[in-house]
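*Asks:* Below is one structure. I have some questions about it.
The values are calculated or read from the model by the stated rules, or taken from the named source; none is laboratory data. It should be emphasised that the depicted structure is a prediction, and the values quoted were computed from it without experimental measurement. Cβ atoms come from the backbone with ideal geometry, glycine included; neighbour counts cover every protein chain shown. Keep in mind that these areas ignore ligands, DNA and RNA; they rest on the heavy atoms of the full protein, side chains included. Shrake-Rupley method; radii C 1.70, N 1.55, O 1.52, S 1.80 Å.
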Amino acid sequence: MQTTFNPNLMSSMQRPFSLLSLFSLAVQLAAQSQERPNIIYIMSDDHTAQMMSAYGNSPIATPHMDALAQENGVRFQHSFVANSLSGPSRACMLTGKHSHKNGFTNNEHGVFDGSQQTMPKLLQKAGYQTALIGKWHLASTPTGFDHWEILPGQGHYYNPDFITMDGKQHVEKGYLTDIITDKSIDWLENRDKEKPFILFVHHKACHRDWLPDLKDLRLYEDKTFPLPETFGDTWEGRVAAQQQEMSIANDNHMDLAYDNKLYSPGDKTRLSDLYLYYVNRLDSADRRRYFEFYDSLTLAYREMPPKTDREKAEWKFQRFMRDYAKVTRSLDDNIGRLTDYLKANGLWDNTLVVYTSDQGFYMGEHGWFDKRFMYEESLNTPLVMHLPKGLKRRGVVNEMVQNIDYAPTFLDLAGAPIPEDIQGRSLLPLLKREKEIGRWRDAIYYHFYEYPAEHAVKRHYGIRTKRYKLIHFYRNIDVWELYDLEKDPQELNNLYGKPGYERVQKKLHKQLRRLQVQYDDKIEEELK
Ligand code: SGN
Ligand code: CA
C-alpha cells in the first residue's frame, strides 16, 4: 500500500503545535518516509536499443540492464527523446519540458538556466534527498541537488576528472564507469536513511571514443558483428541525410586514430591529438598495456590493408562495434553491481530503478554512427524500469513515452503535485495497471536544433504517430519527409508528395500543427 504525500503537512509545520499534534506529525512523517518509494535514475550516454539484449536482435548480452525489466519490471518498446542530443535530452528530463521551453536547445551554445523549476528541486521540496553523480553537460552549476559530483563536459574514461560542490576539479584514479558506480554506492551508504531519495547515476559510457576498461580489451575480438541491412544506404530521396557528416566509411567523419584506434607514433589525423590526450591520461604501465593491444591490430591492418573502399568501411565498422561492445559490457557489469547493492541493503522492493540513455545511436544503420536525426535508431532510447511494490505493470509497454515524461512520473510517485506547465505526462497510470490503458497519447513531438555543427545534421522538427512520421528539415534546406513505419520500418522510402498519400500527409500536417500549438513551439520564428 502506498500512502499519498500530503503537502498540507508542510504548511501545518509552521503553526504552533500541541505535544499530541507534534507526536502525530512525527508518526505520519516517519510512516511516509518509510513508504514513499526511492528512485534511482541510471542514464548512460549514446547507448542504443540495438545493443541491449532485452530489445532482441542485439549482438551482445546486457543481462543486468535486462534484469531490471525482468524482475518486477517493464520494458518500454516505444521510448523516445524530444531532441536527440546529450544536453538537450538532460534538460528535457530535468524539467519535463521540450527544449524550446527549458531553453537548452543545443550542446554548442546551451547554458542551462538553473534558476528555473526542475523536478529535483520539486522533489527536494517534497522531502526527498537528491543527488547526481556523473555526466552533467549542461554548462551551468547543478541546482536542486543535496549532493553532486560531475564530470567536466564529456568527461574522461581513464583517470577521470570530477568537479565537486566546492567548484574544484580533481583527478580520480581508475576507470570512469567503475568510479561513478563506487561514488553512487558511497552516497547510498552515507545518505540520511530517514528520508526517501532520488539518485541520478549518469554514465559517460558508451559515448565516443569508446575507450574500454583495460581488463575488457580482449573481449569481443573474435566476434564478427553482422552488418545492418542498411549499411550501404545511399540516402536516395533524403536530402538532409545526403548532407550529414556521420558516415563510418568517411575518414573525415569517423577518424581512423580517434575512433578506430588505428594509430602509429607520428601519425596525424584530424582527431589524433584528441585521441592521444584521452589515452595519455593512463599512467605509464597501463598506457603500455593499452598500446600493446591496439598496436598489434594496427600492425595487422598495415600488413594486410583492405583492398576496396567497402572492405575498409566494414573493417571500420567491426572496430567500432567491438570497442562499443566492450564499453557497454563494463556499463552492464556496473549496473549489476549497483542492483546487487540495492538487494543486499533492503532497497530493492521500495525503489524505482530506471535505466535509459540520453538518446539512441546508429550502429552502422544507414552507414552511420552518432544520433541527432529523427529516424528511429536515434529517436528511440532504451528504457526499462524495475518497479517498486504497488506498481503492477509487467512485461512490455507499447504506449509511446518520451523523456519529458520522467519528471512528472517521479513527482507523481513521490506524491508531489505536478505543476501545470510541465509538458510531459506521468507514466504512473500506465505502471499501476496490469494491462495497456485505453487512451494514451497518439503522437510525439520532436525538435532538433544543433546546426551548423559537428556531423552536419540539419535542423528539423516532426511528429511520430504509431504508424507514420512527418519531418521538416529547415535552415539552409526546406525539405519534408514522410515515412510509413509499418511498410518501411527502415525509413528508406520518403513518401512526401507521393500519390496515394495525400490524405495521410494532410492529416499529419494537421496533427503536427496541433502539437506545436499544444507545446507552444513558435515555429514561425525559428523558420525566419
Ligand atoms: C562530441 C563528439 C560528437 C558527438 C557530440 C555530442 N565529438 O562533440 O561525435 O556527436 O559530442 O554528443 S568528439 O570528437 O568530441 O568525440 S552528446 O552525446 O554529448 O550529445
Ligand atoms: Ca549522448
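*Asks:* When you scan the range 53-64, do you find a residue that is within 16 Å of ligand 1 (Cβ to nearest atom) and either outside any loop (DSSP other than H, G, I, E, B) or not acidic (Asp, Glu) (or both), even just one?
*Replies:* no
*Asks:* Can you name every residue in the range 366-376 that is within 13 Å of ligand 2 (Cβ to nearest atom) and either small (Gly, Ala, Ser) or at negative phi (or both)?
*Replies:* PHE369, LYS371
*Asks:* Name the single residue that is farthest from ligand 2 (Cβ to nearest atom) among those in the range 35-51 being under 13 Å from the mean Cα position of the chain (by Cα) and under 20 Å from GLU229 (Cβ atoms).
*Replies:* Taking the candidates together, the pick is ALA49.
*Asks:* Would you confirm whether or not the range 287-300 contains a residue that is open to solvent by 20 Å² or more (accessible area, probe 1.4 Å) and within 26 Å of the chain's Cα centre (by Cα)?
*Replies:* So far as the range 287-300 goes, no, none of its residues is open to solvent by 20 Å² or more (accessible area, probe 1.4 Å) and within 26 Å of the chain's Cα centre (by Cα).
*Asks:* Counting just the residues of the range 354-365 that are in contact with a helix residue (DSSP H, G or I) (Cβ under 8 Å, 6 or more places away or on another chain) and in a strand (DSSP E or B), which one comes out nearest to ligand 2 (Cβ to nearest atom)?
*Replies:* Ranking the candidates gives THR356 first.
*Asks:* Still on this structure, I have one more. Can you spot a residue in the range 331-353 that is open to solvent by less than 10 Å² (accessible area, probe 1.4 Å), out of contact with any Cys (no Cβ under 7 Å at 6 or more places or on another chain) and within 14 Å of ligand 2 (Cβ to nearest atom)?
*Replies:* So far as the range 331-353 goes, no, none of its residues is open to solvent by less than 10 Å² (accessible area, probe 1.4 Å), out of contact with any Cys (no Cβ under 7 Å at 6 or more places or on another chain) and within 14 Å of ligand 2 (Cβ to nearest atom).
*Asks:* Considering each residue of the range 76-109, count those that are open to solvent by 20 Å² or more (accessible area, probe 1.4 Å), within 14 Å of ligand 1 (Cβ to nearest atom) and either at pLDDT below 95 or farther than 18 Å from ILE523 by Cβ (or both), and give that number.
*Replies:* Of the residues in the range 76-109, 3 are open to solvent by 20 Å² or more (accessible area, probe 1.4 Å), within 14 Å of ligand 1 (Cβ to nearest atom) and either at pLDDT below 95 or farther than 18 Å from ILE523 by Cβ (or both).
*Asks:* Looking at ARG464, ARG441, ARG459, ARG433 in this structure, which one is within 30 Å of ARG270 (Cα to Cα) and in contact (Cβ under 8 Å) with a residue 24 or more places away in the chain?
*Replies:* Exactly one of ARG464, ARG441, ARG459, ARG433 is within 30 Å of ARG270 (Cα to Cα) and in contact (Cβ under 8 Å) with a residue 24 or more places away in the chain, namely ARG459.
*Asks:* Return the residues of the range 140-161 that are among the aromatic types (Phe, Trp, Tyr) and farther than 20 Å from LEU276 by Cα; say none if nothing qualifies.
*Replies:* Matches in the range 140-161: PHE145, TRP148.
*Asks:* So ASP251 clears everything in (1) in contact (Cβ under 8 Å) with a residue 60 or more places away in the chain; (2) out of contact with any Asp or Glu (no Cβ under 8 Å at 6 or more places or on another chain) except one condition, right? Which one?
*Replies:* Only one criterion in (1) in contact (Cβ under 8 Å) with a residue 60 or more places away in the chain; (2) out of contact with any Asp or Glu (no Cβ under 8 Å at 6 or more places or on another chain) is unmet by ASP251, namely (1).
*Asks:* Further, regarding this structure: Scan the range 218-237 and give yes if some residue there is more than 17 Å from PHE320 (Cβ to Cβ) and either surrounded by 13 or more Cβ atoms within 10 Å (Cβ to Cβ) or touching a strand residue (DSSP E or B) at 6+ places or on another chain (Cβ under 6 Å) (or both), otherwise no.
*Replies:* Checked the range 218-237: at least one residue is more than 17 Å from PHE320 (Cβ to Cβ) and either surrounded by 13 or more Cβ atoms within 10 Å (Cβ to Cβ) or touching a strand residue (DSSP E or B) at 6+ places or on another chain (Cβ under 6 Å) (or both).
*Asks:* So PHE320 ticks every box in (1) within 16 Å of ligand 1 (Cβ to nearest atom); (2) crowded, with 24+ Cβ neighbours inside 10 Å; (3) part of a helix (DSSP H, G or I) but one. Which box is left unticked?
*Replies:* Status for PHE320: all satisfied but (2).
*Asks:* Right, next: Would you check which residues across the range 245-262 are open to solvent by less than 20 Å² (accessible area, probe 1.4 Å) and of a type in the set (A, V, I, L, M, F, W, C) and list them?
*Replies:* Within the range 245-262, MET246, ILE248, MET254, ALA257, LEU262 qualify.
*Asks:* Can you pull out the residues in the range 179-211 that are of a type in the set (D, E, K, R) and within 16 Å of PHE162 (Cβ to Cβ)?
*Replies:* Those that are of a type in the set (D, E, K, R) and within 16 Å of PHE162 (Cβ to Cβ): ASP182, LYS183, ASP186, LYS204.
*Asks:* Scan the range 380-426 for residues that are assigned to a strand (DSSP E or B) and open to solvent by 10 Å² or more (accessible area, probe 1.4 Å) and report the count.
*Replies:* Qualifying residue count, the range 380-426: 3.
*Asks:* Six or more apart or on different chains, Cβ under 6 Å: which pairs go from a residue in the range 352-375 that's β-branched (Val, Ile, Thr) to one that's away from ligand 1 (no atom under 15 Å from the Cβ)? Could you list them?
*Replies:* VAL353/ILE40; VAL353/LEU68; VAL353/HIS386; VAL354/TYR41; VAL354/MET385; THR356/LEU383
*Asks:* Determine whether HIS455 is assigned to a helix (DSSP H, G or I), modelled with pLDDT of 95 or more and farther than 16 Å from SER99 by Cβ.
*Replies:* The answer is no for HIS455.
*Asks:* Among the residues of the range 192-216, which ones are crowded, with 17+ Cβ neighbours inside 10 Å and either in a loop (DSSP other than H, G, I, E, B) or modelled with pLDDT under 95 (or both)?
*Replies:* PRO196, HIS203, LYS204, ALA205, CYS206, HIS207, ARG208, ASP209, TRP210, LEU211, PRO212, ASP213
*Asks:* Also, I was wondering about something else. Filter the range 97-121 for residues that are among the β-branched types (Val, Ile, Thr) and within 18 Å of HIS460 (Cα to Cα) and give the result.
*Replies:* THR105 - this is the single residue of the range 97-121 that is among the β-branched types (Val, Ile, Thr) and within 18 Å of HIS460 (Cα to Cα).
*Asks:* Which one is least open to solvent (accessible area, probe 1.4 Å), of the residues in the range 163-191 that are among the acidic types (Asp, Glu) and in a loop (DSSP other than H, G, I, E, B)?
*Replies:* So, considering only residues that are among the acidic types (Asp, Glu) and in a loop (DSSP other than H, G, I, E, B), the one least open to solvent (accessible area, probe 1.4 Å) is GLU172.
*Asks:* Let me ask something else about it. Mind checking which pairs have a first residue in the range 100-122 that is in contact (Cβ under 8 Å) with a residue 60 or more places away in the chain and a second that is of a type in the set (Gly, Ala, Ser) and in a helix (DSSP H, G or I), Cβ under 7 Å, 6 or more apart or different chains?
*Replies:* Partner pairs satisfying both residue conditions: THR105/SER99; ASN107/SER86; ASN107/GLY87; MET119/ALA407.
Okay, residues lined up against (1) in a helix (DSSP H, G or I); (2) at pLDDT below 95; (3) more than 20 Å from HIS202 (Cα to Cα); (4) not charged (D, E, K, R):
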residue: ASP113; (1), (2), (3), (4): no, no, no, no
residue: PRO120; (1), (2), (3), (4): yes, no, no, yes
residue: GLN124; (1), (2), (3), (4): yes, no, no, yes
residue: GLY127; (1), (2), (3), (4): no, no, yes, yes
residue: LEU132; (1), (2), (3), (4): no, no, no, yes
residue: ALA139; (1), (2), (3), (4): no, no, no, yes
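*Asks:* Regarding the range 49-56, can at least one residue be identified that is touching a helix residue (DSSP H, G or I) at 6+ places or on another chain (Cβ under 9 Å) and farther than 21 Å from MET400 by Cβ?
*Replies:* yes
*Asks:* Residue check: is LYS135 open to solvent by less than 20 Å² (accessible area, probe 1.4 Å) and of a type in the set (Lys, Arg)?
*Replies:* Answer is yes for this residue.
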